[in-house]
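The values are calculated or read from the model by the stated rules, or taken from the named source; none is laboratory data. Every value quoted in this text rests on a predicted model; they were computed, and no experiment measured them. Note that we place each Cβ from the backbone using ideal geometry, even for glycine, and neighbour counts take in every protein chain shown.
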Amino acid sequence: MLFSVGAELIIPLLIKEIIDAAFIKQDYMHLKLLLGEIFVLAIISGGMNFLSRISSEFGAQKTVKKLRNDVFDSLINKDVQYFMTRETGQLLTRTTADVEAIRRLLSVGTRISLQGTMTYLGIIFLLWKIDVSLVMIVIIMGVPLLFLMLIFGKRVGPLFMKQRIQFGDLSNIVQETLEGISVVKSYRGEPIQKSLFHNSNRKYFDLQMKTALERARFLPVLYAALGFMTAGVIFFGGNAVISGVITVGSFVAFITYLTMLIVPTRFVAWFLVMWEQAKAGAKRLHEIFSVPEKVKNSPNAIKIKGRLNGEIIFENVYFSYDGVTPVLNGLNMHINPGEKVAILGAIGSGKTSIVNLIPRFYDPQKGVVKIDGINIKKYDLRSLRRQISFVSQDTFLFSTTIKENIAFGKPDATMEEIIEAAKIAQLHDFIMKLPDKYDTIVGERGIKISGGQRQRVAIARAVLVNSSILILDDTTSSIDSKTERELQKALWKVMEGKTVIIITQRIGNLRFADKIFLVDNGKVVESGTHEELLNKKGLYWEIYVSRTLDPKIAEAIIKKQSIGE
Amino acid sequence: MGFAQRLAGSIKKEERQYTDVELLKFFFSFIKPHRKAGIITIITLIITSILAVFTPYVLKLAIDNYIIPMKFSELWKITSIYAILILIGWIVDIGRIYLISYLGQVTVHDMRNYTFDHLTDLSMDFFENEETGKLVSILTNDIDTVAEFLRNGLTDIVTNLLRLIGIIIIMFILSPGLTLVTLLVTPFITFIFYIVRKYAREAYREIRKSVAKLTAKIAETINGITVIKVYAQEERVKKEFGEINEENYRANIKQNIIVNSVFPLIRSLSSIAILLLVGYAVWVNQGLKQPAISVGTIVAFIRYEGMLFDPILSLTMFYSLFQSAMAALERVKRITSHESSIKEDPNPLIPKEKKGKLVFDNVWFSYDKQRFVLKEINLQIDPGESVALVGHTGAGKSTIGKLILRYYDPDNGKITLDDVDLRKLPLSFLSKKVVLVPQEPFLFNNTIMYNLKYGHFEVTDEEVYHVSKEIGLDRVINKFPQKYDTIVGPRGVQLSQGEKQLLSFARALLSKPLVVVLDEATASVDPFTEYEIQKATEKILENATTIIIAHRLSTLKNVDRIIVMEEGEIVEQGKWNELIKKQGYFYDYYKAQVLSEMSGLLQLEEKNN
Ligand SMILES: Nc1ncnc2c1ncn2[C@@H]1O[C@H](COP(=O)(O)OP(=O)(O)OP(=O)(O)O)[C@@H](O)[C@H]1O
Ligand SMILES: Nc1ncnc2c1ncn2[C@@H]1O[C@H](COP(=O)(O)OP(=O)(O)OP(=O)(O)O)[C@@H](O)[C@H]1O
Ligand SMILES: [Mg+2]
């Protein structure tokens, strides 16, 4: 860079020599030499310029690549709660547009600021050599400009921040509209979404115009100042030429140098804007980096090797998502190794919240969760999770093939294993009917297959990883009774030797369970085997009766119960 | 050479869908409504350009007429003229910068609205085939690229072109010979531009694509975060993200190499032009006492030459931004020229009587034009009737619902509502009268009240409270400190699944539909709540035609008719008791459920019969 700027600066100097040599002294030998020098310098300057650009570019792009990877790494390690409370669109724009703002600063900004500064210093130095008093004009006008630019930065900075946030909002509206498109379509919500978007877009526009106003106020000053400097030089410099203090050549060179300041001056303005934009972006990225994870490895975390026995104990567990609304209120639960238990309860009673604590999506505020007698906080997080297969209530599939979705937890699974898992999940026959078989793309969230098929892909995914604890959270809600029955039979084999927790609303299926926990308001209110609970004639019995298909059967059950008593 | 080949080889050939002319037309259609602002902007641009061309001329006058002839006493005059020109320039510049921003932003603002509007109006099949993240990226990042072009690129092009022309004219007036010599380098410049167009565009396309992929990957990671965490696949997802990021990095480097080789080349050409210029002048003046080309002229020429290359350099900058914007516009245009496969009839019909009679007349349907998901569906559902769809998973039950809402049109046959073909109905009428409660509830990241009223904001709070109470939702809501003002989180993640379903159900009830499709709407709801819902629904939807898709057969005891589907066909229909007696398909499901629900008790039931 130094070379390229230097070479460019020397050229006008040579031109001065040429003019003096050719027109004043008429020294042609010297002239040819000078022309040759210009030619060589032009080539060198071009080549160096290229190299300097590319090398700074490589550095910048590499840094940005790393930054973006770091942001993503930091994001993926965040607590689950982090994502529950943040707008997806805002997170999206942070990792894309905000990083992009930093990229612009690094790739273009550093180059132009370096080049600009060097040109400035070089020119001032050369001007100094030509005539000191003329330089004073430049400096006197330059210092106030510097302050002006600082003020400019102070004013646009907050505006850019607002812009970034608004931009995130914009992207969030698009994101949400698309994710909920079926609701939007079904409730003629198009005008609603449109007006939301238009409003947000309008706000974004207004913010843009506010910064435009600042720009219009401040930036022209820079160019005007340069113009006035030139005017000053014409007057005083012209005077100096007339009084013979400097040569015409010097005068021309001086003016030429001043003109050369136009470009770096524009760079300054440009740089300022980029700087402030990148600063706003960096602040937003900082938020991602700075939010600490609550769920993390303890200092001497135990790495689980081999399999856990699968004894799970909840000891007086209190938990709340927001710290205000209690969700689990002193929950106690004891699950022996290899037991198959069911959790039952009304909506919102805390069933999902209970199982969410086992892979430590959240940590309880009070009480402990123990597996194999050890507080799960003491285990290495990842090795703990590897012991657990978890099929969550709202099925999530990735927008890739069926095969990759099934193998998500075990990327190195063989095709045989995948097919085996699909067979257990009662999925294989359906898959074989598809044109692309296991390579069928399921669409975003699995939109291109039916609800029951989605749930079974998620089950196959869980079956494939041979873990010691299996958690099924309401995973057959969209599956018909015939398929479910087949599924149950097949799963029974898989469950062998595992601790299994099933959450379900299909109460009749629970005869198999070694233990049934009835949860209400974040507490276990009844527990025992199917028989025990029926005999109790408590809540379980009530639900059971209400769920039966036929009043006659219900009667029969009741009869049977009374006989049993 | 080797490099260029490698470059060409590594750039994936991709169908170019639009010509530059088409894209520009598309682009200018957004500028057109702001013609006035555009014209004023151009005027300010012209004034600045004239000033920019004029000031060096004043400088020349100052040197040739005042400084060299040593007219010191009048030097202040020319200096003040110069200063006044600068002053005017300053004022015009303020307007120029503001107006250019305005023009750019307003254009992009309109383009965004237009694109979003178009997008939301597209039919469902479009969304089933697109990744949300990629579409988001188009509406945000890609359109922003266009904005950047307008702000930094387009602003300069008029100025620079005007300057270029102005300078060339003045140069010609001053000395045609010198001008021609200076312009000797232009063929090289044209050639450079030609090369750049091809490679830069490709590189920019790759950048845009990788940014979209990045967005999609992040969106997917956020949505699937629990799955990723529970299967401890963070490292793999990071790696996948890293690969896309690497793609983005490569594309950026590629683009930079291409664009950055242009600037230095043109700069070198500029220096060479000076060389030619001075050489020529010296050659002409050689041996002449009175130089044919004055010192002032040469100085002015060198300055003009500098000014000539300044716009050319800016034009390359413009050109690069232009290519970038074109690559982005291609993606925007792809969305906006996508036509909805569901079109409104130009002469829509509204049924005379709005009762809710639905008829499927020999309906065939497939998603992929390969596998028929619905085959020969003939079905009449009377006004106010409640029917249940039962069947194997993947039998096509949800698809029936989607056809009723016209997410898709049948490949063959027709569906009528009150004797009017759905394709003839105005779309707004259809969505006002027909409501679907989907398998997977979706809530907006807003208050519970907002979500309940979504699509029917005219509903009063009292009605909302009433319906909530009826179906047992108020119990849930009253648990929250914020009650109806509770924010539910993205997609409603801060609620339990059952709570979401309940909310989504209540929303449907509040919209007072004529036809309602309940697609496993209460699958995750506990029996007590379900019982409450059932009672309330019967009351509220008394007059509505109801289609219930459910797997828990206990919820179907009270429907008027049960329809059993198997592999896309209707195989059985009738009342609960009839079907049980018949011991056909439905009986199988019944048996399976009884078997698993009450194993051992079936015999008991059979005995009792
Ligand atoms: N968007 C789509 N693109 C391609 N195929 C689809 C799409 N949606 C559904 N299918 C396929 O069409 C068939 C019928 O799906 P549908 O959702 O109607 O089933 P369903 O009877 O509702 O099943 P479930 O009880 O599991 O919800 C399935 O085999 C499914 O894979
Ligand atoms: N991320 C969250 N942030 C705040 N509150 C939450 C969050 N997730 C759940 N809740 C609240 O915690 C309570 C318990 O929810 P949970 O999901 O455990 O219920 P559940 O028993 O699984 O219900 P369902 O049968 O409906 O799935 C509910 O009232 C719910 O609104
Ligand atoms: Mg739950």
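General remarks:
- Annotation note: Cβ proximity below 6 Å between a residue of the range B:83-95 that is closer than 16 Å to B:Leu59 by Cα and a residue that is in a helix (DSSP H, G or I) and among the polar types (S, T, N, Q) (sequence gap 6+ or interchain) occurs for B:Leu85/B:Thr55.
- The range A:502-515 - residue that is within 12 Å of ligand 2 (Cβ to nearest atom) and more than 7 Å from every other protein chain (Cβ to nearest Cβ) and, of those, modelled with the highest pLDDT: A:Ile503
- Within the range B:253-284, the set of residues being more than 30 Å from A:Arg103 (Cα to Cα) and hydroxyl-bearing (Ser, Thr, Tyr) comprises B:Ser271, B:Tyr280.
- Residue within the range A:470-479 that is under 21 Å from A:Lys403 (Cα atoms), modelled with pLDDT under 85 and touching a strand residue (DSSP E or B) at 6+ places or on another chain (Cβ under 6 Å) present: yes
- Residues being modelled with pLDDT of 85 or more and of a type in the set (Gly, Ala, Ser) - total across the range B:223-256: 2
- Answer from A:Gly373, A:Gly345, A:Gly338 - the residue that is more than 16 Å from ligand 1 (Cβ to nearest atom) and surrounded by fewer than 16 Cβ atoms within 10 Å (Cβ to Cβ): A:Gly373
- Residue check for A:Val108: touching a residue at least 60 places away in the same chain (Cβ under 8 Å) and within 26 Å of the chain's Cα centre (by Cα): yes
- Where B:Ser398 falls short, out of the listed (1) in a loop (DSSP other than H, G, I, E, B); (2) polar (S, T, N, Q); (3) within 14 Å of chain A (Cβ to nearest Cβ): (1)
- A:Ser468 being within 7 Å of chain B (Cβ to nearest Cβ), polar (S, T, N, Q) and surrounded by 21 or more Cβ atoms within 10 Å (Cβ to Cβ): no
- When B:Ala327, B:Ala300 are checked against the criterion of being crowded, with 21+ Cβ neighbours inside 10 Å, in contact (Cβ under 8 Å) with a residue 24 or more places away in the chain and within 30 Å of B:Thr140 (Cβ to Cβ), a single residue qualifies: B:Ala327.
- Criterion: aliphatic (A, V, I, L, M) and closer than 19 Å to A:Val369 by Cβ - qualifying residue of A:Val291, A:Val295: A:Val295
- Selection status of A:Leu518, under 22 Å from A:Leu328 (Cα atoms), at pLDDT 70 or above and not aromatic (Phe, Trp, Tyr): yes
- Condition check for B:Ala281: in contact with a Lys or Arg (Cβ under 6 Å, 6 or more places away or on another chain) and at pLDDT below 80: no
- Failed item, numbered, when A:Ser478 is tested on (1) in a loop (DSSP other than H, G, I, E, B); (2) more than 9 Å from ligand 1 (Cβ to nearest atom); (3) within 11 Å of another protein chain (Cβ to nearest Cβ): (2)
- Residues that are within 13 Å of another protein chain (Cβ to nearest Cβ), in a helix (DSSP H, G or I), in contact with a helix residue (DSSP H, G or I) (Cβ under 6 Å, 6 or more places away or on another chain) and without any contact (Cβ under 8 Å) to a residue 12 or more places away in the chain do not occur anywhere in the range B:305-324.
- Taken over the range B:367-420, residues that are more than 31 Å from the chain's Cα centre (by Cα), farther than 21 Å from B:Leu349 by Cβ and either of a type in the set (A, V, I, L, M) or within 16 Å of ligand 3 (Cβ to nearest atom) (or both) amount to 8.
- Just so you know, in the range A:193-244 the residues that are under 30 Å from B:Asn451 (Cβ atoms) and touching a residue at least 12 places away in the same chain (Cβ under 8 Å) include one that is surrounded by the fewest Cβ atoms within 10 Å (Cβ to Cβ), and it is A:Lys203.
- Complete set of residues in the range B:505-547 that are away from every other protein chain (no Cβ under 14 Å), among the aliphatic types (A, V, I, L, M) and not in a loop (DSSP other than H, G, I, E, B): B:Ala536, B:Ile540
- Close Cβ contacts (under 6 Å, 6 or more residues apart or on different chains) running from residues in the range A:93-105 that are within 11 Å of A:Leu67 (Cβ to Cβ) and hydroxyl-bearing (Ser, Thr, Tyr) to residues that are surrounded by fewer than 24 Cβ atoms within 10 Å (Cβ to Cβ) and at pLDDT 85 or above comprise A:Thr95/A:Val71.
- Any hit, the range B:475-484, residues being closer than 26 Å to A:Ser478 by Cα, within 16 Å of ligand 3 (Cβ to nearest atom) and at pLDDT 85 or above: no
- All of (1) away from ligand 3 (no atom under 11 Å from the Cβ); (2) touching a residue at least 60 places away in the same chain (Cβ under 8 Å); (3) part of a helix (DSSP H, G or I); (4) within 11 Å of chain B (Cβ to nearest Cβ) hold for A:Phe396 with one exception: (3).
- Test: residue in the range A:286-297 that is under 30 Å from A:Gln163 (Cβ atoms) and crowded, with 19+ Cβ neighbours inside 10 Å: yes
The rows are residues; the columns are (1) at pLDDT 85 or above; (2) of a type outside the set (Val, Ile, Thr).
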| residue | (1), (2) |
| --- | --- |
| B:Val359 | yes, no |
| B:Pro383 | yes, yes |
| B:His392 | no, yes |
| B:Phe457 | no, yes |
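- Candidate set from the range B:479-500 (those that are more than 6 Å from ligand 2 (Cβ to nearest atom) and aliphatic (A, V, I, L, M)); member that is surrounded by the most Cβ atoms within 10 Å (Cβ to Cβ): B:Val488
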